[in-house]
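All remarks here apply to the structure that follows.
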Amino acid sequence: MAQILDGTPVRAQILASLKPRIEGLRRPPGLAVLLVGHNPASEIYVRNKIKACAELGIYSELLTPPESITTEELLETIEDLNRRADIDGILVQVPLPAQVDSRRVLEAVAPDKDADGFHPLNVGHLVAGRPGPRACTPAGIIELLKYYRVGIEGRRAVVLGRSDIVGKPMAFMLLHENATVTICHSRTSNLVEECRRADILVAAMGRPALVTSEYIAPGATVIDVGMNRITDLVEATRLGKAAEFERKGTALVGDVNPVDVARVASAYTPVPRGVGPLTIAMLMANTVALAERRACSA
Ligand code: GUN
């Protein structure tokens, strides 16, 4: 039987470790969250981020400019937040509307308030192996692997997906843990063979249940970052999600076929409750670390 790598206890441990650090600060850490427009998935993510702040004693401020906002207006909002003494972290939920220059907006966040680790300076710190805020999802995956004592050093890790949010930072974090890392993507030739060489396979390309048994080496550890909603009953049934579909009218699947991974892998993260809980925990960790750094330099 494959081991299920449940993210819930890992999140609980991370959040518990943050509580005394928050209590040790002179004022609560402050996180500003910018949610532009009404992307339904973003609204759910942001709601959960704000809720996590409240539970932990982090001050949060939600800004919800309209879908029609211009780049210049967003830049002004971010400049205001950069100047505020009570705000330690700023998060701009992506994707942003098409008319907004996302790169300029993300680069406008002060690097020392960059709660997501998306600013190029902090990406550079990651690449150089220097401290700084790290992209939350891959940082959470490293915590999960360590919690469950999945060895990384010397192992062959394959990252499927090359996004700025997950794939690229994940590859560097695994490299810094001394894995031998390959990044695969939609144009990779022999994708199945590349993936099947992995001791640790991280699937993050946003394609429902793409990773089937032939992608997975027997005994591998498989980390599923995907979050895809299935609206077809036949497909949901094939993926072992018939009961969920009956209850909700849709089913959530990752980028990994849940039936196959349970059969072939030695350990894997479920969807939901695998990687998901860790993203927010690491956002909280980044926010607390930024607040501590500001308190030290004040
Ligand atoms: N959109 C999807 N994931 C994330 C994330 O981790 N941070 C932000 N800011 N936006 C996202």
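Computed over protein heavy atoms with a 1.4 Å probe, the accessible surface of the stretch 209-298 works out to 41 Å² per residue. Each label was represented as a point 7 Å from its Cα along the Cα-to-Cβ direction; for A41 and E292 these points are 3.2 nm apart. Of the trypsin sites (Lys or Arg not before Pro) found in the stretch 109-154, those that fall in a DSSP loop while having at most 10 other beta-carbon atoms within 10 Å are R149.
Using alpha carbons only, the radius of gyration of the stretch 44-135 set against its Kirkwood radius gives Rg/Rh = 0.96. Assuming charge only on the beta carbon of Lys and Arg (+1) and of Asp and Glu (-1), the dipole of the stretch 6-58 about its Cα centre is about 220 debye to the nearest 20.
Exposure check, 1.4 Å probe, all protein chains in place: V36 carries approximately 10 Å² of accessible surface. Computed from label points 7 Å out along Cα-Cβ, the spacing between T237 and T212 is 1.8 nm.
For E55 and V259, the difference between the fully extended length at 0.36 nm per residue and the C-alpha to C-alpha distance is 70.0 nm. Centre-to-centre separation between the Cα atoms of the stretch 12-62 and those of the stretch 225-247: 30 Å. Over 26 Å between Cα atoms, which of K146/K168; K51/K168; K51/K241; K49/K113 qualify? Those over the limit are K51/K168; K51/K241. Scaling against 2.2 N^0.38 Å puts the C-alpha radius of gyration of the chain at 1.01. Of the trypsin sites (Lys or Arg not before Pro) found in the stretch 243-298, those in coil by DSSP whose Cβ has at most 15 other Cβ atoms within 10 Å are R273.
Split the accessible area of the stretch 1-149 by element, probe 1.4 Å, and carbon with sulfur accounts for 55%. Note on the chain: helix-only mean residue ellipticity at 222 nm, from DSSP H runs of 4+ residues weighted -39500 (n - 2.57) and normalised by residue number, equals -13500 deg cm²/dmol. Based on protein heavy atoms only, the stretch 167-208 ends up with 51 Å² per residue of surface accessible to a 1.4 Å probe.
At q = 0.22 Å⁻¹, what base-10 log of I(q)/I(0) does the Debye formula yield for the stretch 208-298 when every alpha carbon is treated as an equal point scatterer in vacuo? The Cα Debye sum returns log10 ratios of -1.02. Coordinate range of the alpha-carbon atoms in the stretch 97-161 per principal axis, descending: 42, 26, 19 Å. Accessible surface area normalised per residue over the stretch 47-128 is 49 Å², counting heavy atoms of protein chains with a 1.4 Å rolling probe.
The values are calculated or read from the model by the stated rules, or taken from the named source; none is laboratory data. Since the model is a prediction, treat every value here as computed from it, not as a measurement. In this analysis, Cβ positions are derived from the backbone assuming ideal geometry, glycine residues included, and neighbour counts consider all displayed protein chains. Surface areas here come from the heavy atoms of the whole protein model, side chains and all, with no ligands, DNA or RNA. Shrake-Rupley method; radii C 1.70, N 1.55, O 1.52, S 1.80 Å.
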